[in-house]
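Undergrad: Once you've had a glance at the structure underneath, I'll fire off some questions.
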Amino acid sequence: MDALPGGRPVPVPPSGYRWQARERGVFDVGPALARLSGPFGLWSARAQVAGTSRVEVEPLPLEDDELDRVLRAGVGEHDAADLLGSQAAPDDLLVREHRDGDALTRIHWGATARTGRLMVRQEEWAHDPWAVVVLDCRAVSFAAGRFDVDGGAGRHWQSSPGFERAVQAAAALILRLQDAGHQVLLLDQDGHALDPSLAPAVLEPSFREATWPAALPGEAAAVVALLGTAAGQDLPVLATVPHHLQRVAVLFGTQGRRDAAERLEAGGWLVAEGGS
């Protein structure tokens with residue numbers, strides 16, 4: 001460490017770092033070189049700040065209007081934003097399709113009008129609503145435009161524009177659902193819990209089909225799955241998601257691949273296109 005004239009130690013000011021949104025992640029930073037100067041330029045010094053710190057850079061969530069545009073970009077007869085819009089009531093996700101024997105007093109007329117299907121309230125979950133957000137983290141799902149990110153200290157990972165948009169959508173969905181009074185669980189394609197900050201989310205070199213439906217908690221009332229181009233191979237697994245749940249699929253990078261979207265919609269999913 002350099003010293004001021006007279007042997008006094010150099011005061012090192014607190015330092016900070018800034019990354020662009022594309023560089024969201026967990027970074028190792030340091031050591032740093034602080035350049036100092038005295039009043040009127042009478043003296044200058046440099047100080048080496050030793051050590052490495054780990055910094056989490058969280059994603060910038062999609063703005064509310066952008067999230068609504070994504071959810072309204074439906075590919076079937078129904079509009080995903082009907083149940084996740086900014087004006088949705090907290091219990092709008094606590095509904096399911098009518099079954100024989102359901103009392104007429106449990107009909108949810110708002111959801112029935114929005115979806116075009118007879119829907120009833122799931123009153124047993126009204127006081128403890130849970131929603132599950134699934135983020136597909138497989139590299140095969142977000143192959144277009146992949147780039148390397150240097151995390152420092154020899155660490156690096158891959159991301160892509162489509163995956164970063166899915167991460168931003170997940171961050172916005174978590175906030176939207178929490179504001180509506182829901183407890184939110186964030187899972188990856190294998191059913192493993194993800195850090196809700198989404199800072200550490202990275203693409204994984206996995207080619208196998210998704211297995212997250214087996215990890216859905218019994219308290220879940222709704223699931224929102226953010227899926228990439230591997231959604232087509234996951235259709236048999238996605239068909240096992242219980243039909244009493246509200247099911248929303250947001251597909252990224254699948255424009256022009258209508259088969260997966262149409263089959264999901266035919267199976268009772270609300271389907272939207274999230275973009276590239």
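The values are calculated or read from the model by the stated rules, or taken from the named source; none is laboratory data. This structure is a prediction, so every number in the text was calculated from the model and none was measured. Here the Cβ positions follow ideal geometry from the backbone for every residue, glycine too, while neighbour counts run over all protein chains shown. Only protein heavy atoms, including side chains, enter the accessible area calculation; ligands, DNA and RNA are left aside. Shrake-Rupley method; radii C 1.70, N 1.55, O 1.52, S 1.80 Å.
Undergrad: Scan 53, 44 and give me the residue that is at pLDDT 80 or above, exposed (fewer than 15 other Cβ atoms within 10 Å of the Cβ) and of a type in the set (Ser, Thr, Tyr). Talk me through it step by step, then tell me what you get.
TA: On the way: 53 fails: at pLDDT 80 or above.
Going through 53, 44 in turn, the sole match is 44.
Undergrad: Please state which one of 160, 141 is surrounded by fewer than 23 Cβ atoms within 10 Å (Cβ to Cβ), within 30 Å of residue 222 (Cα to Cα) and small (Gly, Ala, Ser).
TA: Working: 141 fails: surrounded by fewer than 23 Cβ atoms within 10 Å (Cβ to Cβ).
160 is the lone residue from the list that is surrounded by fewer than 23 Cβ atoms within 10 Å (Cβ to Cβ), within 30 Å of residue 222 (Cα to Cα) and small (Gly, Ala, Ser).
Undergrad: For the range 57-162, which helices (runs of 4 or more DSSP H) that fit wholly inside it have 1 or more residues that are modelled with pLDDT of 65 or more and over 24 Å from the mean Cα position of the chain (by Cα)? Give the steps one after another, and end with the answer.
TA: Values: elements: 64-71, 81-84, 109-115.
Of the helices (runs of 4 or more DSSP H) lying wholly inside the range 57-162, those with at least 1 residues that are modelled with pLDDT of 65 or more and over 24 Å from the mean Cα position of the chain (by Cα) span 109-115.
Undergrad: Quick check: is even one residue across the range 195-204 in contact with a strand residue (DSSP E or B) (Cβ under 9 Å, 6 or more places away or on another chain), assigned to a strand (DSSP E or B), open to solvent by less than 40 Å² (accessible area, probe 1.4 Å) and under 24 Å from residue 55 (Cβ atoms)?
TA: Applying the first criterion (in contact with a strand residue (DSSP E or B) (Cβ under 9 Å, 6 or more places away or on another chain)) to the range 195-204 yields 195-204.
Those left that are additionally assigned to a strand (DSSP E or B): 204.
This time we only want the ones that are open to solvent by less than 40 Å² (accessible area, probe 1.4 Å), so: none.
For the range 195-204, residues in contact with a strand residue (DSSP E or B) (Cβ under 9 Å, 6 or more places away or on another chain), assigned to a strand (DSSP E or B), open to solvent by less than 40 Å² (accessible area, probe 1.4 Å) and under 24 Å from residue 55 (Cβ atoms): absent.
Undergrad: Filter the range 205-238 down to the residues that are open to solvent by 50 Å² or more (accessible area, probe 1.4 Å) and of a type in the set (S, T, N, Q), then identify the one that is farthest from residue 259 (Cα to Cα). Walk me through it before giving the result.
TA: Step one: filter the range 205-238 for residues open to solvent by 50 Å² or more (accessible area, probe 1.4 Å), giving 205, 207-209, 211, 214, 218-219, 233, 236.
From the residues that got through so far, the ones that are of a type in the set (S, T, N, Q) too are 211, 233.
Working: 211: 21, 233: 11 Å.
Per the stated criteria, the residue is 211.
Undergrad: Taking interchain pairs and intrachain pairs at least six residues apart, which have beta carbon atoms under 6 angstrom, with the first residue in the range 182-198 and farther than 23 Å from residue 57 by Cα and free of Cβ contacts under 8 Å to residues at least 40 places away in the same chain and the second β-branched (Val, Ile, Thr) and open to solvent by 10 Å² or more (accessible area, probe 1.4 Å)?
TA: 190/211; 191/211
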